[in-house]
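So the structure is just underneath, and the comments pick up after that.
The values are calculated or read from the model by the stated rules, or taken from the named source; none is laboratory data. Nothing here was measured: the structure is a model prediction, and the numbers come from that model. Methodologically, a virtual Cβ is constructed for each residue, glycine included, from the backbone with ideal geometry; neighbour enumeration extends over all protein chains shown. In case anyone asks, the SASA skips ligands and DNA or RNA and just uses the protein heavy atoms, side chains included. Shrake-Rupley method; radii C 1.70, N 1.55, O 1.52, S 1.80 Å.
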Amino acid sequence: MEGKISQETIDSVASQADIVSVVSDYVQLENRGNQWWGCCPFHHEKTPSFCVTPDKRMYYCFGCHAGGGTIQFVMEMEKLRFPEAVKLLARKFNIEVKYTGNYTPQAERYDNTKELYIDLYNRVADMFHYGLLKTEAGKFALEYITKRGITIETIEKFKLGYSPSDRTWLKKFLRSKNFSDDFLAKSGLFSKKYPDIAFFSDRLMFPIFDRRGQAVAFGGRFLRGNPDKSPKYLNSGDLIQYQKGETLYAFNFAKQAIRENKKVIFCEGYMDCIAYHQCGITYAVAPLGTALTEDQIKIVRGFADTILLSFDSDGAGQAATQRAILMCRSQGLTVKIIRLHNAKDPAEIMLNFGPETLTNEVNSAMLDSDYLLSFLSQKYQKDTPEGKAKFALDFFPYIDALQTDIQKESSLALLGRTLNISLEAIKKDFNNRNDVKKRALSLPAENRTAVQSEVIVNSEFRAVLAVLSDTSQFELMRTRLTADDFENPFAKTLFSILMECYDAGDLSFVSVLNRCDNEGIKRKVTESVSRGEFSQYTAQSVAESIEQLEINSLKRKRKAILRQMGALQGQLSIPANQELMTKLFEQKKLIDEKINKKGLEYGSGTGS
């Protein structure tokens, strides 16, 4: 039975916990006399209406009317029950927790479970870190990361590690330290199907920290072996101490810089984020093996008013960028896009050109409206009535997401100038956009809006749905494809979830839903399985779908390499560019060999 915290302790926490200090962990506050003001963390706003009054130890929002004391604030922000919030504040301000009656905290089991798992993950992170820096087994991983330009100082800051190739070692070691099998089975560190087998093995490890710098989860990068049989990245699923959709990688390191600069970079993954930090751009964070979520945006909204997006330039990256623009704009934030030149990611720029070049790329970020208009100009023919109509339809969701009439009016005028259409005509179509959307739904899928937030159901997504309906076919898909082979971001996400489930030894429908935090994907998966849409699919038809996905991926990769090679022309006097060109040529040659092996021919529209 859980003990009841004494009223004395509650009163001590309420009176001694500095509410300004507590709220400042979540909201950028400015002092005005005897009060502190900031933008409310509970609703979207640009002008601060959230007030903290220290002498009354209370907060109140004049916009949404949320209010209360320090304990209430922590309960709301951390999603904790009252006793848990009291104990969290007591620890923060060194207040002794006392209980009523004869209860002693040793008898308490429920409330400290989260802390016990955090302690476990901190210990394991230390072991992995030691394995990378101090052991012969981790030497190859250390060589890999240092060749990519990451310094020992950065490795130590982010506590990068190496998980042993022996998948039984971790369980044996933790047992020797008196951790029970039941406790470890629920830790997320081991396969559900084979509980003695470590979830991560022979990988470069990235500890994921909470806002207080405690290790709560891991990401592991594949380095050697057959890349067709293992995902490039393997990430912890949701745990008692970790919800990936509510956590940002490196936020604990970036928080102060975000507060000072009032801006934040959302980038693709661990390595991109680390590269930014090493180059002195310390306000960078990353989503964790999933698409950017509204909860992740809310984490930074209290400190930043400008979001810079740094996602890949491929189809999936562009779709992620467009979706993120709408989400950030709908929360009242200014958005800019970082476009990298002569490199595929920030780590490559850092390695080949140095921190100054990466800083210049960040400072040259373009406004999201310019980015979208440029993207749509390449997608549609602006000199035809049909092209103009589709162009405008794709831009309307962006205008919908804007928060003020001035922003909307200005953006409509900008769209009109881009299309050489009168503002009156643009406004008319915008005001009737719901009817326009209904008509557009009758168009082929490839002609529909690209900036929509609905799940895109194309051949890639249907192929993954097919193997989800018959998981015996997933073995073939995982040996032939990786997440990087998918252009559709929703298919990529679903495939990655299936890989996580496979590695955890549980490919059940329930396991997939539990690991998926995209409601749109959940709906599509549930609807597909419930209807039995793929019950008639044969093994041969699934194999043919996989073959086509593999072919499409090779063509996209070849096209991307050719674009990079073209961008380097005229800049080959720089030794680094010469080396990069050689690497690109070798990559193209390898892809050509694979395509030729399949008996394919290059042709128009194939990415040649």
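The alpha-carbon of K428 sits under 26 angstrom from the alpha-carbons of these lysines, leaving out residues fewer than 8 places away in its chain: K379, K382, K388, K390, K408, K437, K438.
So how much slack lies between H65 and K594, counting 0.36 nm per residue of separation and subtracting their Cα-Cα distance, in nm? Mind dumping the intermediate values first?
Working: separation 529, 0.36 × 529 = 190.44 nm, distance 6.18 nm.
Additional length available on full extension: 184.3 nm.
Take the Cβ atoms of E260 and A425, set R0 to 51 Å, and the FRET efficiency comes out at 0.70.
Using Cα pairs closer than 8 Å and at least 6 residues apart in sequence, work out the relative contact order for the chain, in percent. Provide the component values of the computation, followed by the final result.
Values: 833 pairs, mean separation 58.2, N = 608.
Across the chain, relative contact order equals 10 percent.
Net charge near F179, counting Lys/Arg +1 and Asp/Glu -1 over other residues with Cβ under 12 Å of its Cβ? With Lys, Arg at +1 and Asp, Glu at -1, the neighbours total +3.
For the chain, report the accessible area per residue in Å² (1.4 Å probe, heavy atoms, rounded to an integer). Walk me through the numbers on the way to the answer.
Details: 28860 Å² over 608 residues.
I get 47 Å² per residue for this part.
When the pairs K171/K229; K56/K262; K134/K594 are compared against a 31 Å limit on Cα-Cα distance, K134/K594 fall above it. Counting only protein heavy atoms and a probe of 1.4 Å, the accessible surface of the chain is 49% carbon and sulfur.
Antiparallel versus total DSSP beta bridges in the chain: what percent is that, nearest 5? The antiparallel fraction comes to roughly 75 percent. Candidate cross-link partners of K589 among the lysines, defined by an alpha-carbon separation under 19 Å and a same-chain spacing of 8 or more, comprise K344, K555, K557, K559, K597, K598. Over all other residues within a Cβ to Cβ distance under 9 Å of T479, the charged ones net out to +1, with Lys and Arg as +1 and Asp and Glu as -1. Think of it this way: in the chain, C39, C51, C64, C267, C273, C279, C328, C501, C516 stand alone, with no other Cys Cβ under 4.7 Å.
At R0 = 25 Å, how high is the FRET efficiency between S374 and K232 if r is their beta carbon distance? Nearest 0.05 is fine.
Working: r = 29 Å, r/R0 = 1.18.
Result of the calculation: an efficiency of 0.25.
With both residues required to sit in the stretch 177-310, DSSP beta bridges show an antiparallel share near 65%. Computed packing ranks the peptides 197-204, 211-218, 420-427, 357-364 as 197-204, 211-218, 357-364, 420-427, most packed first, by mean other Cβ atoms within 10 Å. Selection among Y249, A425, L89 by position relative to the dipole of the chain gives A425 as farthest towards the positive end (Cβ unit charges, Cα centre). Decide, for the chain, between rounded, prolate and oblate: order the square roots of the alpha carbon gyration tensor eigenvalues as a ≥ b ≥ c, take rounded if a/c falls under 1.5, and otherwise choose prolate if a/b is larger than b/c, else oblate. Verdict is oblate for the chain.
About the Cα centre of the chain, how large is the charge dipole given +1 on each Lys and Arg Cβ and -1 on each Asp and Glu Cβ? Please answer in debye to the nearest 20. Don't skip to the answer; put the middle values down first.
On the way: 81 positive and 76 negative charges, 96 e Å.
I would put it at about 460 debye.
Out of the trypsin sites (Lys or Arg not before Pro) in the stretch 114-191, which ones are loop residues according to DSSP with at most 11 other C-beta atoms within 10 Å?
Numbers: sites: K114, R123, K134, K139, K147, R148, K157, K159, R167, K171, K172, R175, K177, K186; in loops: R148, K159, R167, K177, K186.
Sites meeting the loop and neighbour criteria: K177.
Please figure out what share of the DSSP beta bridges in the stretch 231-352 is antiparallel and state it in percent, rounded to the nearest 5. Of the beta bridges lying entirely in the stretch 231-352, close to 15 percent run antiparallel.
Relative contact order (percent) for the stretch 133-239, with alpha-carbon contacts under 8 angstrom and 6 or more residues of separation? Intermediate results must be reported in sequence, preceding the final value.
On the way: 127 pairs, mean separation 24.1, N = 107.
Rounded, it is 23 percent for the stretch 133-239.
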